[in-house]
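Taking it in order: structure first as structure tokens, then the write-up.
The values are calculated or read from the model by the stated rules, or taken from the named source; none is laboratory data. Nothing here was measured: the structure is a model prediction, and the numbers come from that model. Every residue, glycine as well, gets a Cβ built from its backbone with ideal geometry; the counts of neighbours run over all protein chains shown. SASA here: full protein model, heavy atoms, side chains in, ligands and nucleic acids out. Shrake-Rupley method; radii C 1.70, N 1.55, O 1.52, S 1.80 Å.
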Amino acid sequence: MRATAEDAPIAAAFGVNEKLLALLLSGLCAALAAVAGACLALSHTLAPSQIYAWIGVVFAVVMIGGLGNPLGPLVAGIAIGVAEALTMAVTSPAWAPLVSFSLLIAVLLIRPDRF
């Protein structure tokens with residue numbers, strides 16, 4: 001997989017079928033995501049009406065972290081999660097969604113050239 005990702009023509013020269021590998025990897029990732037979702041569904045309740053609250057937080061995490069960097073959204077997600085947890089501990093839990101958007105606006109004001 002690594003050889004195909006780094007240099008597909010060389011991997012193909014050594015007999016790696018890159019299209020088949022991509023299909024197998026996509027199927028494996030989808031299956032693992034389905035298993036993880038099923039495990040989470042057993043321990044957490046999520047109503048369909050709650051998805052609108054999560055879309056904004058996910059948007060803020062991806063915008064702050066960036067799409068091209070896998071470590072960026074992880075760090076942004078941890079930062080937003082800690083900030084929302086502190087907000088819920090200090091104030092009312094209703095103020096938690098405001099934190100992610102406030103951080104997004106702060107990043108946009110501080111570093112507008114990043115976007």
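Phe101 meets the conditions (1) modelled with pLDDT under 80; (2) under 18 Å from the mean Cα position of the chain (by Cα); (3) open to solvent by less than 90 Å² (accessible area, probe 1.4 Å) in every case but one. The failed one is (1). Please go through (1) closer than 30 Å to Val107 by Cβ; (2) under 16 Å from the mean Cα position of the chain (by Cα) for Ala30 and return the number of the only condition it doesn't satisfy. Checking Ala30 against (1) closer than 30 Å to Val107 by Cβ; (2) under 16 Å from the mean Cα position of the chain (by Cα), the one that fails is (1).
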